[in-house]
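Just so you know, all these numbers are worked out from the coordinates, no wet-lab data involved. Note that the structure is a prediction, hence the values are computed from the model and not measured. So basically every Cβ, Gly included, is an ideal-geometry build from the backbone, and we count neighbours across all protein chains shown.
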Amino acid sequence: MIEKGACRFAAAYRLTGFFIAVFIIVVLSSCSKHDASKAKTGKGQSAMDSTLVIAMLGDADYLNPVIGTTVTSSNIFGLIYPSLLQSEFDTTTGLMNYMALEKKLRVLQSGQGKKTPKAALARTWHMSDDNKSITYILRHDAFWDDGKPIISADFKFSYQLYGNPVIASARQQYLAELVGADKGRVDFDKAIETPDDTTLVFRFYKPVPEHLALFHTSLTPLPAHRWKGVKPDEFRHSPLNLDPLGAGPYKLRNWQQQQEIVLASNRKSNLPKPGNISVISFKVVPDYTVRLTQLQTSAVDVVENIKPEDFTALLKANNQLEIKTVGLRVYDYVGWSNIDQAEYQRTGKFKPHPLFGSAQVRLALTHAIDREAIIDGYLKQYGVICNTDISPSLKWAYNNRMVPHPYDSAKASNLLKADGWFPGPDGILQKNGKRFSFTLYTNSGNARRNYASVIIQQNLRAIGIECKLDVQESNVFFENLQSRKLDAWMAGWSIGLEIDPLDVWGSDLKKSRFNFTGYRNPRIDELCELAKLKMDPVGAKPYWLEYQEILHRDQPITFLYWIRETQGFSKRIEGEDLNISGTFYNIDDWRLRPSANVTQ
Amino acid sequence: MLIYILKRLLIAIPLIFGVLTLTFFIIRLAPGDPAAFFIQPGISPNVAEQIRAQYGLNDPLPIQYFKWISNVLQGDFGRSFSRAQQPVFDVIAEALPITVTIAGLTLIANFTIGILIGIISAVRQNTFLDRFLTVTALFFYSMPEFWFALMMIILFALKFPVFPVSGLNEIGAESYGPLGFLLDRFWHLILPVTVLSINGAAGIARYVRGSMLEVIRQDYIRTARAKGLPENVVIFKHALRNALLPVITLMGSSLPFIFSGALFIEVIFAFPGMGRVTVDAIFARDYPLIIANTFISGSLIVLGNLFADVLYAVADPRIKL
C-alpha cells in the first residue's frame, strides 16, 4: 500500500516537474521578446484591421539611407525619412518626373501623375544656365521628429557621409559629378554650399542634364544634429541605426531582427501627412510556400513575386485576393562568350570565341530558342519577348519598329551551315573537327530559369547542338561569371530607370565590369557617350533607337523575356498604385477596409 | 571523475582551436566574396574595395589569421559582415533563446513520447499494438521533416485553420497581457514542436524498444516478477532504468541540436533561430559569424560527448571513469 502510494506520489511529482520545465522554457523564450515595444492597438481582429502586414523574404540590412542597400531597407527608410524631391514614373512616356512643392520637371498629361509633391522638402530649384550647378530653396515648415528644423546643413552633412570611403556607402556613385570627383575626391566645401538654412547649392565639375542633377542631388538626408558625434568607422554599428530619427509619414515602432519591422503612422508628420494606415508590419517569412499560405489564410496582405503557376489555386482558395503587376524591369538572357575568355585572361588579347564568336552563330542560337514556348509554359501573360535591354516600359526610348527574331529552327540550321557547321557522325554539328557542345550554367534556386534551360536544351538538341546544364550556388556562379570562367550562362538583369548601359556593353572590359560576354562595338560606346551629352533625355532618342538596332543585329546575348513581376494583394487594401518604380511607392496613401466590409 | 572531466576539457581546447583554424581557412578557400553584394551596376566599383578594407580582407591570409587568432584569444570573435556589423555573439544571443525553446520542448516531447512508445512496444512485443506502433514510428521516422512540416501546415492551417503558420506571436500580441502573450507563443509553437518531436520520437522509440526487449529477458527481471512485484514496478523501476542506458548517449548527442537549431523548421515556420543564422551566414560568406557558430557547435559536440560519458558513469556503477 505504502509503496503504491509512494509510487503515485513520485509519478505526480515527475509530471508536475515536466510541466514546470515546459512552462519555464516558454516563459524564458517569451521574456526575451516581450519587451518594451508595447503595442497600442486593440485586440485580435481590431489589431489586424488597423495593421497592414507585408511578407518579406529577408530582413532589412540597415534602416539608414546612407548604408541601407536592400530593396526592403529602401522601402522602409523611404517611409521614415523625408526627401528633398518627390519622384514618380510617368507611365505614358516612361520618363521619371521630379517634383518640388512649387515646381515640376515635366508637366504630365491630365489624368497622369497621382503623386503630389506635398512631401518634398524643396520648394523649388534653379538649374544654372551652364548646367554646372543646381540651387534648391527649402521649405521653412519641415521638422525632424524631435522638433528640430530640417535645414540645408543636414544635406551637406549627409552628402559628406555618402562620400566618406570609410562608411563605404553604396550610393557614393551619386556624387560622381560633384566638384572634385573628377580628381578622385569630392571637394565638399566647393561642391555643396549652404548660404543659409533654406538654400542649398550643388556644384558639378561638368555640365549635367537637369533630370540627372535632380536624381543625383536628392539623396535622403540624415539629421546632422543627431549623427555628428558618430565617428565614420563606428557609423555602421552605431546604436542610432536601430533608432532612426526621421520626419516622414511613418516611424519605427519596433524592429525584431529577422522577424518583423513594425512602423506606426507618424502623427506629427507634415511630409506630406501621417500615413493613412496606423501600423505597417513587414514580416520576415523566408519560405515561399509559407508566404503563399499566409496570403491565402489572410495572415498577411501582400506577398511579392508570386509564381504564375500558383495564381489559379491561390485565387480559387481565397476570393479576397488579387494579383497585381508592375512594369517590365527585369529580363532573363542567355549569355554567350563573344571572345575566347581563356585567351583574354592569359594574354589580354581578343580572339573570337570558337563557338559563339560569330554574330551569325549567335543569331542562329536566338532563332533556335523557342522563347514563346517558355513564356506560354511558365510566365503566360506575365512575360513579353525581349529584344534588347531597353524596356518597353521606357516608351520614350523603346524602338517599337524592331521585329523579334522568331523561333525558326530551319533558319537557325541554315545560318549555322553558312558559318561552316555541319552534322558530325554523332548528329552533333562540327566545324574543323570541333563539336558544337557546351555547358549552360545558371544559378540555383530559380524555378523560372530551370524551366527555361530545359526548353533551351531541347531546342538546341533539335538543330544538332549539345547543351549540358549545370546549376551552381549563386555565390559560386557569380564569381565564375566575374572571373570569365563561363562560356554560356543564363542570368538576368533588373534595369535602372535612367538608361546607362555602358557598364554592360562598353568595349573597355576593365571599365565595363559587367560586360561578361566580351562584346565590343565602338559604335555602341559612341552612342552611349553621345546620349549622355544630351541635356534633355528625349533628345537622345535617336541614339537609343540605333543602339537597339545594333544589339538586335549583333545578338551579343540571346535576350529571352521581360518579366512582369506579380504581387499578391489582399482586396482590403485600397488606393494602391503599383508601377515600375516600385510596389510600395505610394504606400503612405494606402487605406485598409475593415475586414467585415470587404466585398465577397 | 573530476580529474577525468578536467583532462577531457583540457584536451578539448586544442581540439576546438584546430577546428576553428580549419574552418577559418576552408571558408576562405570557398568561392564567393563577402562584398559580392556591392558588385552590381549603379554601385561604384570602389564600394566593394572599401567594404573589403573594412572587413580586413585585403590583408594576406597569414596576417588575417594572426589578427583573428589574437582577437579570439581575447574573446573577441568580431562583428558580423551581413547583419549590420553587430558583434557576432549579439547575433547569436538573439537567436539562441528561440532555438533553445523549440529544441528544449522538442527534446522533452521526443524523449517522453519515444520512451513511452518504446516501452509499450517492448512489453507488448509481437502484438497488434506493437506492430502498429512500429509501422507508425517507421513511417514518421522516414518522412523528411520539411515535407512533413508543409503537410502539417496545409492540414492545420489551410484545410482546418486551427494553428498559425509562422512567426512566434500574433500581430498585436503584446496587448494580450503576459499570460495571453505566453499562451499565444505556446499556440505558435505547437505545430513546429509537433513536427520535430514526432520525427525524433519515432527514432527514440526504436532504440528504447530494442534495449527494453534485451533487458526484460534478463534473469533479474524474472527474479523481480518471481518475488511478486507488481508489473508496473518491474517494468518502470527494474527494467526501464537499465534499458535507458543507451538512451543516455542519445541525450548527450542531442545537446548540439539544442543550440544549433533545426534549419528546415526555422525556415518554414519563420523562426529566426540558430539554424537560419548559420545558413544565412554561409550564403553571405559572413566569415566571423560562421566561425562563431562553428565554435559554439564544436564546443557543444565536445561537451555533449563528455556529458554523455559522465551520465553513463553516474547511471551505471559498473562504468568507472
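With the cut-off at 1.5 for a/c, could you classify chain B from its C-alpha gyration tensor as rounded, prolate or oblate? Oblate, because a/c is 1.5 or more while a/b does not exceed b/c. Between region B:7-53 and region A:78-156, the alpha-carbon centres lie 43 Å apart.
Is there a simple number for the mean count of other chain Cβ atoms within 10 Å of the Cβ of residues in B:79-91, and what is it?
Numbers: counts 2, 1, 0, 1, 4, 14, 9, 5, 1, 0, 0, 2, 2.
Taking all residues of B:79-91 together, the mean is 3.
For B:Asn293, the shell of other residues with beta-carbons less than 15 Å away shows a net charge of -1, using +1 for Lys and Arg and -1 for Asp and Glu. Ranked for footprinting exposure by Cβ neighbours inside 10 Å, fewest first, A:Leu95, A:Leu379 give A:Leu95, A:Leu379. Our summary gives chain B a relative contact order of 27 percent, counting only alpha carbon pairs under 8 angstrom and 6 or more residues apart.
Could you tell me whether region B:122-169 comes out rounded, prolate or oblate from its Cα gyration tensor? Rule is a ≥ b ≥ c as square roots of the eigenvalues, rounded for a/c under 1.5, then prolate if a/b exceeds b/c, otherwise oblate.
It is prolate, given that a/c is not under 1.5 and a/b is the larger ratio.
Let me know the mean shielding of A:163-173 by other chains, meaning the per-residue number of their Cβ atoms within 10 Å of its Cβ. Intermediate values should be presented prior to the final figure.
Values: counts 0, 1, 6, 3, 2, 12, 4, 10, 4, 5, 7.
Average per residue, whole number: 5.
Of A:Asp470, A:Asp141, A:Asp340, the sequence from fewest to most neighbouring Cβ atoms within 10 angstrom is A:Asp141, A:Asp470, A:Asp340.
Could you tell me which trypsin sites (Lys or Arg not before Pro) in region B:88-181 are loop residues by DSSP with no more than 15 other beta carbons within 10 angstrom of their beta carbon? Don't skip to the end; give the middle numbers.
Details: sites: B:Arg124, B:Arg131, B:Lys159; in loops: B:Arg124.
In loop regions of region B:88-181 (DSSP not H, G, I, E or B), the sparsely surrounded trypsin sites (Lys or Arg not before Pro) are B:Arg124.
For region A:383-427, the equivalent ellipsoid derived from the Cα gyration tensor has semi-axes of 34, 10, 9 Å, listed largest first.
Among residues other than A:Gly357 whose Cβ falls under 14 Å from its Cβ, what is the net charge (Lys/Arg +1, Asp/Glu -1)? Mind dumping the intermediate values first?
Numbers: positive: A:Lys349, A:Lys351, A:Arg362, A:Lys431, A:Lys434, A:Arg520; negative: A:Asp340, A:Glu343, A:Asp419, A:Asp487, A:Asp554.
Net charge in that neighbourhood comes out at +1.
Dividing the alpha-carbon radius of gyration of region A:109-163 by 2.2 N^0.38 Å (N being the number of residues), what value is obtained? Working shown, then result.
Values: Rg = 14.5 Å, N = 55, 2.2 N^0.38 = 10.1 Å.
The value comes to 1.44.
For a quick check: sort A:Phe235, B:Phe156 by the number of other beta carbons within 10 angstrom, fewest at the front.
Working: A:Phe235 22, B:Phe156 17.
If I rank by nearby Cβ atoms, fewest first, I get B:Phe156, A:Phe235.
Using Cα-Cα distances under 8 Å and only pairs 6 or more residues apart, what relative contact order does region A:416-483 have, in percent?
32 percent
Which three semi-axes in whole Å describe the equivalent ellipsoid of region B:140-292, each the square root of 5 times a Cα gyration tensor eigenvalue, listed largest first? Write out the running numbers ahead of the final one.
Working: eigenvalues 308, 94, 47 Å².
Output for region B:140-292: semi-axes of 39, 22, 15 Å.
Electrostatic tally near B:Ala53: other residues with Cβ closer than 14 Å to its Cβ, Lys and Arg +1, Asp and Glu -1, net -1.
Can you give me the relative contact order of region A:92-169 as a percent, contacts being Cα pairs under 8 Å and 6 or more apart?
After rounding, I find 18 percent.
Helix-derived [θ] at 222 nm for chain B: sum -39500 (n - 2.57) over DSSP H runs of at least 4, divide by residue count, nearest 500? Please list the in-between numbers first.
Working: 13 runs with 223 residues, N = 321.
Helices in chain B give a 222 nm mean residue ellipticity of -23500 deg cm²/dmol.
The amide H of A:Leu321, built 1.01 Å from its N in the peptide plane, has A:Lys571 as neighbours under 5 Å, considering only residues 5 or more places off or on other chains. Which of the three applies to chain A, rounded, prolate or oblate, going by the alpha-carbon gyration tensor with a ≥ b ≥ c and a/c under 1.5 meaning rounded? Taking the square roots of the gyration eigenvalues as a ≥ b ≥ c, chain A is oblate.
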